[in-house]
Amino acid sequence: MSTAKASDSAIIAAPPTKVYDFLSEASRATSFVPGLAKIDNVKPAGAQPGQTWNYEFDWFGVVVKGESKCTRSERPSVHEFQTVTGNTSTWTYEIKPDGSNSKLTLSVQYNVPDTAVGRFASRAIFEKMNQDRAHEIVKNIKTMLES
């Protein structure tokens with residue numbers, strides 16, 4: 001199984017602490033990550049290294065269930081977690097001040113399952129679809145925080 005990366009950035013009209021507090025609440029992710037159907041069993045409640053939760057994700061028609069674990073939490077600049085079962089991946093949200101705004105960058109390093117690639121005619125198409133999803137996640141966070 002090989003790996004791939006999807007990433008996107010945006011300037012958000014909100015201070016870094018507001019952006020961090022919004023996206024680091026694990027149970028909130030279902031509101032801005034397309035395909036993320038369920039987050040439950042979040043322990044402990046606050047974002048911190050070692051925090052875990054269960055997830056259910058519809059990855060372009062392939063339902064993936066597993067456990068995630070927060071690996072890095074540095075308020076207000078970095079929130080990172082890994083999906084440790086299901087399909088392994090590392091999600092890193094970096095937030096940097098940009099005047100009175102914030103620059104949010106999402107990077108997702110993920111394993112590319114051979115079975116999923118076969119459904120989309122090529123690896124390039126599958127990776128482009130994941131890149132588009134990263135853009136959508138960042139756009140959703142921006143929209144929700146600026147509304």
Subject >> Pairs where the first residue, in segment 93-109, is crowded, with 16+ Cβ neighbours inside 10 Å and the second is of a type in the set (Phe, Trp, Tyr), C-beta under 7 Å, 6+ apart >> reply: Ile95/Tyr20; Leu104/Tyr93; Leu106/Tyr93; Val108/Trp91
**OP:** Quick one: which strands (runs of 3 or more DSSP E) lie wholly within segment 22-97 and hold at least 3 residues that are within 16 Å of Tyr110 (Cα to Cα)?
**Re:** 52-59, 62-74, 78-83
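Per-residue answers, yes or no, for (1) under 14 Å from the mean Cα position of the chain (by Cα); (2) buried (at least 17 other Cβ atoms within 10 Å of the Cβ); (3) touching a residue at least 60 places away in the same chain (Cβ under 8 Å); (4) at negative phi:
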site: Ser9; (1), (2), (3), (4): yes, no, yes, yes
site: Ile12; (1), (2), (3), (4): no, yes, yes, yes
site: Val19; (1), (2), (3), (4): yes, yes, yes, yes
site: Pro44; (1), (2), (3), (4): no, no, no, yes
site: Gln51; (1), (2), (3), (4): no, yes, no, yes
site: Phe57; (1), (2), (3), (4): yes, yes, no, yes
**OP:** State whether one or more residues within segment 121-141 are modelled with pLDDT under 90 and hydroxyl-bearing (Ser, Thr, Tyr).
**Re:** yes
**OP:** Please specify each residue of segment 110-129 satisfying the condition of being within 15 Å of the chain's Cα centre (by Cα) and either buried (at least 18 other Cβ atoms within 10 Å of the Cβ) or more than 23 Å from Arg72 (Cβ to Cβ) (or both).
**Re:** Tyr110, Met129
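Can you work out which of the residues in segment 59-78 that are aliphatic (A, V, I, L, M) and more than 23 Å from Lys103 (Cβ to Cβ) is surrounded by the most Cβ atoms within 10 Å (Cβ to Cβ)?
Val64
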Subject >> Criterion violated by Val117 - all others in (1) outside any strand (DSSP E or B); (2) of a type outside the set (Lys, Arg); (3) under 19 Å from Glu136 (Cβ atoms) satisfied >> reply: (3)
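The values are calculated or read from the model by the stated rules, or taken from the named source; none is laboratory data. Every value quoted in this text rests on a predicted model; they were computed, and no experiment measured them. Don't worry about glycine lacking a Cβ; one is built from the backbone with ideal geometry, like all the others, and counts go over all protein chains shown.
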